[in-house]
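Novice: Pasting a structure below so you can have a look.
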Amino acid sequence: KHWLPFCKKNNIQDRSPQVYFSSTSHSWSDEAQNLKVMYADMKSRVEHVLDCGKVKDEFITCDQFRGIFDLWTDKFTR
């Protein structure tokens, strides 16, 4: 929704946010800074899910998704 359009607009060939944001060879626009914050937030949430094995209720936005996440068991793998 945000990252790929940014890559296309700025002709970024390596489309890995981790690689792009770890690079110090360029200065970032306000748009890039906002994307970096969004990426860090998303990465943190994913890591939390992997660490604790579940998605926090505050991140489940509708009952349909809640039902899907209720099916998640310890037997699921990373």
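Here's the yes/no breakdown for (1) without any contact (Cβ under 8 Å) to a residue 40 or more places away in the chain; (2) within 29 Å of Ile60 (Cβ to Cβ); (3) assigned to a helix (DSSP H, G or I):
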| site | (1), (2), (3) |
| --- | --- |
| Lys8 | yes, no, yes |
| Asn11 | yes, no, no |
| Gln18 | yes, yes, yes |
| Gln33 | yes, yes, yes |
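Novice: For the range 46-61, does any single residue satisfy the condition of being modelled with pLDDT of 85 or more, surrounded by fewer than 12 Cβ atoms within 10 Å (Cβ to Cβ) and in a helix (DSSP H, G or I)?
Specialist: The answer is yes; a qualifying residue exists.
Novice: Examine the range 31-42 for a residue that is under 30 Å from Leu71 (Cα atoms), over 15 Å from the mean Cα position of the chain (by Cα) and acidic (Asp, Glu), and state whether such a residue exists.
Specialist: no
The values are calculated or read from the model by the stated rules, or taken from the named source; none is laboratory data. Since we're looking at a predicted model, the values are computed, not measured. With ideal geometry, Cβ positions are generated from the backbone for all residues, glycine too; neighbour counts draw on all protein chains shown.
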